[in-house]
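The values are calculated or read from the model by the stated rules, or taken from the named source; none is laboratory data. Model, not experiment: these values are computed from the prediction. With ideal geometry, Cβ positions are generated from the backbone for all residues, glycine too; neighbour counts draw on all protein chains shown.
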Amino acid sequence: MVRKVAATELAPTTYGWHVQADGLQVRAGRRMAVDGLDLRLGLGVHGLLGPNGAGKTTLIRALATVLRPAGGTLTLLGEQLGARPDLRAFRRRLGYLPQDFGFYPRFTVREFVEYMAWLKEMPPRDVPGAVQRTIEQVGLADRADDRMKTLSGGMLRRAGIAQAIVNDPDLLLLDEPTVGLDPTQRLEFRTLLRELGEQSCVLVSTHLVEDVAAACTNVVLVDEGRMVYQGTPAEVAAAGGADDVGDNPIERGYTALLGRHRAVAR
Amino acid sequence: MSRTTERHAEDDVLAAYVAGAAIPLDAEWALEAHLENCARCRARLAVTPPLAEFLATVWTRISAAATGAPAPVRSRLLRALRTWAPPSQLLWLLFGVLVTAAAVGIDVLDATGHAPSLVLLVAPVAPLLGVAAAWTRGVDPMAELAVASPRAGLQLVLRRTVAVLVVMIPALAAAGVVTDVSLAVCLVPCLAFTAGTLALGTVVGVARAAVVLGVLWVVAVIVPSLATTELSALLAPAGLPFWGLAVAAAGAVTVLRSRVFTTLPSTNLP
Amino acid sequence: MDDERLLRRVAKGDRRAFEEFYRRTSPWLAVRLRRRCADEQLAAEVLQDTYLAVWRGAGAFASTAGGSAAGWLWTVAARRLVDAFRREGRTPTPTEEVMEAAGPGADETMLASTVAGDVGDALATLAPELRQVLQALVLDGLSVKETSALLGIPEGTVKTRARRARLAMREAMT
């Protein structure tokens, strides 16, 4: 289909990092859940690790522009989000899967992803093809026309992943995407993540350390709203020793780094 | 030297295209653009034996894999409807209509004819259920996903509000006609409260705003009116210009502050 | 019966309509895909995936606004091709080599179906790598990201070449 290509689409990419945060502060309720976080994320799959209450969900919500920062600067895909940001254009290039996302029970999987495609302002003629593709990519092709309420937890989460990637986003934010997935599904998901990471910046928040080790090129460790460590999975593993708590090298490294950070903070 | 585009492709260009041979760039461009829209020329593509074999092989694989039925054809109307009011909102909208119907019933059955019109008393708050339902996280399961989307903000607010009004205004108008009350007094305060809930909602959250305004109205107008069996002065026709002003003001506030509808209300977060 | 009506029949589960739709559109689609993908296996896979997607999703086409069935078919196929390239790794397209071989001395009769005057001349003067990018973006309707995956070049390069192509076209037409 012959289409017009807007000049803005061809404008050179002026940003080095997809996500750039400096001293980011984000409030959640009355707490300052993210408190002075510096972050640089580029292409690839980044794993976001941290104990409960570390501010992971709040950080992801801030990156999804669903929460406004209380302080610091946040630049996403080259757009600095100041006082009155123009979010529509940016959000079309965003994919977001919240930790608890809901759905209308009577919607079928296809209708759910189509509705999200509409909310994401995708061009209408691209929608059916894109919806079918992403449903296949998450392995729900045979359940595509079943109502969401008939799906298991793992399938629902996969439908959630499908809506997040339907618009081929440049920045993909996934909050606990592997909850409820069985080991085979998690393996398939990691392959999908790696594919996506080649052309987008993907941030995956998870408490499953093995997922991080297998699929991520970069690990971001946070605690109490601050950055603890950012590096490759190998570097995290190297930080741990035999007497650190953990079942595998990454877990041990995680515990070690966390312990060191907390010791310094006190 | 090059002539203007012919209506259909030339045979030799088509043959070269099928064979995978080189074609001058401008010819190839025109041809591909044309073929996408011209079934006749597509039919004229000569299917060479290797191509036919290729297509046949692929077809056997396709027909083997194409089990089951295709996706059911969804009514375009239903899909369009969902973009105006999500399913979770429709239910509450229905409550609003039922409340109106109940008011009509009570008014009609009122033998004395002295009691103030319940329809007029209820009209301003009947749509609040539908308005609040569209923006309450507990009610709308897809609230966070919707708020995070590009379409969030003024567009979605307007759509969902229009959906409420499209249902409530005819219902209230019909109620007004049946119970023989001034349509303007029936409808304008209703609009003011709808806009007012949204406007106040940009500050304290739509659900809370709906509750506040609803309770205020009940306490300040409905109860006194029923107690004194005299319609509150606020619903006198003389007050209509002020109600109109309220609609405009609340509408303006909502539009100016519509950015609020693109974020999660931080007060609701754990 | 036109292709659009045929697709609506497919949406209702009519397998004969599906076979007819395949018969009518697959030669064109296969040729267009092969001109972008040297690997016959890959092209076969993409063709198969596309029509399976059509079988499953024809109803969705029927529900959305108009446009030609073939146009819609191409949007599905082009994305499948991009996905296949993303998964398997890039393969060079055959047209580049073939183009070099043909050279500028094209047969006069071939010029009959051309883009009108200036635009046609401008297109003809474009360097092949610029033409490729322009074709992917404008003719095939792909995004910058998808073009980058299809041609196996970085997104920045896609943008640079597209801008150069635009500039070259504008200059050639003045």
All positions within segment B:185-204 that are within 22 Å of the chain's Cα centre (by Cα) and either more than 15 Å from B:V164 (Cα to Cα) or not in a helix (DSSP H, G or I) (or both): B:A199, B:L200, B:G201, B:T202
Only one of B:A133, B:A103, B:A123 that is surrounded by 21 or more Cβ atoms within 10 Å (Cβ to Cβ) and either in contact with a Lys or Arg (Cβ under 8 Å, 6 or more places away or on another chain) or within 30 Å of A:A164 (Cα to Cα) (or both): B:A133
Yes/no for A:A89 being in a helix (DSSP H, G or I) and at pLDDT below 90: yes
Search result, residues across segment A:86-122 that are more than 7 Å from chain B (Cβ to nearest Cβ) and out of contact with any helix residue (DSSP H, G or I) (no Cβ under 9 Å at 6 or more places or on another chain): A:D86, A:F90, A:R93
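Could you please let me know if B:G214 is in the same structural domain as B:Q155 (by TED's automatic domain parsing) and at pLDDT 90 or above? Can you show your working first?
Working: in the same structural domain as B:Q155 (by TED's automatic domain parsing): yes; at pLDDT 90 or above: yes.
Against the criterion (in the same structural domain as B:Q155 (by TED's automatic domain parsing) and at pLDDT 90 or above), B:G214 qualifies.
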Some residue of segment B:212-219 being of a type outside the set (K, R), more than 27 Å from B:L156 (Cβ to Cβ) and either without any contact (Cβ under 8 Å) to a residue 12 or more places away in the chain or crowded, with 19+ Cβ neighbours inside 10 Å (or both): yes
Residues of segment A:201-225 satisfying the condition of being modelled with pLDDT of 90 or more and not in a loop (DSSP other than H, G, I, E, B): A:C201, A:V202, A:L203, A:V204, A:S205, A:N218, A:V219, A:V220, A:L221, A:V222, A:D223
Search result, residues across segment A:160-213 that are within 13 Å of the chain's Cα centre (by Cα) and on the phi > 0 side of the Ramachandran plot: A:E176
Test result for B:V58, of a type in the set (V, I, T) and assigned by TED's automatic domain parsing to the domain that holds B:A195: no
Those residues of segment A:45-68 which are among the small types (G, A, S) and buried (at least 19 other Cβ atoms within 10 Å of the Cβ), in sequence order: A:G47, A:G50, A:A54, A:G55, A:A62, A:A64
Complete set of residues in segment B:184-211 that are touching a residue at least 60 places away in the same chain (Cβ under 8 Å) and under 13 Å from B:A123 (Cβ atoms): B:V185, B:C186, B:L187, B:P189, B:C190, B:A192, B:F193, B:T194
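Do we find a residue being without any contact (Cβ under 8 Å) to a residue 60 or more places away in the chain, out of contact with any Asp or Glu (no Cβ under 8 Å at 6 or more places or on another chain) and under 19 Å from A:M148 (Cβ atoms) anywhere in segment B:88-111? Show your work before the answer.
First, pick out the residues of segment B:88-111 that are without any contact (Cβ under 8 Å) to a residue 60 or more places away in the chain: B:88, B:90-92, B:94-95, B:98-99, B:102, B:105-106, B:109-111.
Now drop any that are not out of contact with any Asp or Glu (no Cβ under 8 Å at 6 or more places or on another chain), which leaves B:90-92, B:94-95, B:98-99, B:102, B:105-106, B:109-111.
Filter again for under 19 Å from A:M148 (Cβ atoms), leaving B:90-91.
There is at least one residue in segment B:88-111 that is without any contact (Cβ under 8 Å) to a residue 60 or more places away in the chain, out of contact with any Asp or Glu (no Cβ under 8 Å at 6 or more places or on another chain) and under 19 Å from A:M148 (Cβ atoms).
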Qualifying residue in segment B:156-176 (condition: part of a loop (DSSP other than H, G, I, E, B) and more than 16 Å from B:T254 (Cβ to Cβ)): no
Qualifying positions in segment B:21-75 - assigned to a helix (DSSP H, G or I), touching a residue at least 12 places away in the same chain (Cβ under 8 Å) and more than 7 Å from chain C (Cβ to nearest Cβ): B:H34, B:R40, B:C41, B:R44
Some residue of segment B:260-268 being farther than 30 Å from A:G53 by Cβ and in a helix (DSSP H, G or I): no
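Condition check ((1) among the polar types (S, T, N, Q); (2) free of Cβ contacts under 8 Å to residues at least 24 places away in the same chain) across all residues:
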| position | (1), (2) |
| --- | --- |
| C:G13 | no, yes |
| C:Y22 | no, no |
| C:S26 | yes, no |
| C:L33 | no, no |
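Have a look at B:V253, B:V247, B:V212 and point out the one that is closer than 30 Å to A:R91 by Cα, away from chain A (no Cβ under 14 Å) and either outside any helix (DSSP H, G or I) or out of contact with any Gly (no Cβ under 8 Å at 6 or more places or on another chain) (or both). Give the derivation first.
Working: B:V247 fails: closer than 30 Å to A:R91 by Cα; B:V212 fails: closer than 30 Å to A:R91 by Cα.
On inspection, the qualifying residue turns out to be B:V253.
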B:L98, sole failed condition from (1) assigned to a loop (DSSP other than H, G, I, E, B); (2) more than 9 Å from chain C (Cβ to nearest Cβ): (1)
